[in-house]
Structures are given as C-alpha cells and as structure tokens.
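Participant: Starting off with a structure, shown below.
We did not get these values from a lab; they are worked out from the coordinates using the rules stated. The structure presented is a predicted model; accordingly, all values stated were derived computationally and were not measured. Don't worry about glycine lacking a Cβ; one is built from the backbone with ideal geometry, like all the others, and counts go over all protein chains shown.
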Amino acid sequence: MGIFEIIGSVVKPIGDLIDDVTTTDEERNDAKIRLSEIENNLIVQLVNYEKGIVESKAKIIEAEAKGESWLQRNWRPITMLTFLVLVVCDSFGLLTFRLSEEAWTLLQIGIGGYVVGRSGEKIVKKIQN
C-alpha cells in the first residue's frame, strides 16, 4: 500500500464522519474543504520529504563517483560482478551449495540499487553540465 493510499484511507473516514456529524450542507462543505486542504498540505510535505531523500542519495552517489580512492569509485561494479558470478555459477550448478531465497532477495535488492545508483550518477552528470 502506497503512501497516498494510506493518506486516503485516513482521510475518507474523517470525510464520512463529517457527513454524519454536520447538519447543514454549508457546514459539511466547509469541513470537507478544510479536510481537503489538510490532505493536500500533507501530500506536499511528503513529496518534499521524498525529494530531500532522493537529493541526499544523489549527493552520496556523486561523492562516491568523485572519490579519490580507486576502491571508493569502483566498489559498486566489483560488487555487481561478484553477484553476476554467483548467479551464473548457481544457475549452472557450479557451486557446492545453492543460493538461498534470502540470497536471491539480496541480489535483487543489490541489482536494483546498483541500477538506481548508476542512473543517479548519470543524472547528476547531466544536471551539472
């Protein structure tokens, strides 16, 4: 369930309560307008919060990409190559053990993070230019 669905699931019962408690259409409409304003403000604050998180992550990735250390700049590709070797070896039964479900989940998260990280690096470079 996404954050917008959560907000909607909180706001809808309040709207229903407004319908039940208020006596005139004018009171009901005023209360619903105020509730909509509160909901919109909450959504704006959440979007700004998410924007801040994405910007922070982009700064971290940028700092890693500009790092002076060879390892600092290349740990993601090394990790991904290691994951690739593990997947290939597991797929062909070359490992003395099978990768567990948790390992596959970790690989999916790692690959997803790598793709997002690389995309972030490219976006940052384009923005800087």
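Participant: Considering only Gly67, Gly93, Gly117, give the residue with the highest GNM mean-square fluctuation for the chain, with springs between Cα atoms whenever their separation is below 10 Å.
Facilitator: Judging by the Gaussian network model, the answer is Gly93.
Participant: Here's a follow-up. Viscosity 1.567 mPa s, temperature 4 °C: Stokes-Einstein D of segment 3-50 from its Kirkwood Cα radius, in µm² per second?
Facilitator: Diffusion coefficient, whole number: 114 µm²/s.
Participant: For segment 67-128, give the magnitude of the charge dipole about the Cα centre (Cβ charges: +1 Lys/Arg, -1 Asp/Glu; no others), in debye to the nearest 20.
Facilitator: So the magnitude is around 380 debye.
Participant: I've got another one for you. What does segment 7-106 give for Rg and for Dmax, in Å, if only its C-alpha atoms count?
Facilitator: That works out to 25.9, 74 Å for Rg and Dmax.
Participant: Which FRET efficiency value, to the nearest 0.05, do you get for Asp90 and Tyr114 by plugging their Cβ-Cβ distance into 1/(1 + (r/R0)^6) with R0 = 25 Å?
Facilitator: After rounding, the FRET efficiency stands at 0.85.
Participant: Also, I was wondering about something else. Answer with one residue from Leu86, Ser119, Ile6: the one whose Cα lies farthest towards the positive end of the charge dipole of the chain, charges on Cβ with Lys, Arg +1 and Asp, Glu -1.
Facilitator: The Cα lying farthest towards the positive end belongs to Leu86.
Participant: Let me ask something else. Rounded to the nearest 0.05, what FRET efficiency do Arg28 and Glu50 have when you use their Cβ-Cβ distance and R0 = 30 Å?
Facilitator: Once rounded, the FRET efficiency stands at 0.35.
Participant: Gain in length, Leu35 to Leu17, computed as 0.36 nm per residue apart minus the alpha-carbon separation, to one decimal in nm? If you can, show how the numbers build up before the last one.
Facilitator: Details: separation 18, 0.36 × 18 = 6.48 nm, distance 1.14 nm.
Between Leu35 and Leu17, full extension yields an extra 5.3 nm.
Participant: Any idea which of Ile33, Ile18, Val47 is furthest toward the positive side of the dipole for segment 3-50, if Lys and Arg beta-carbons carry +1 and Asp and Glu beta-carbons -1?
Facilitator: The listed residue farthest towards the positive side: Val47.
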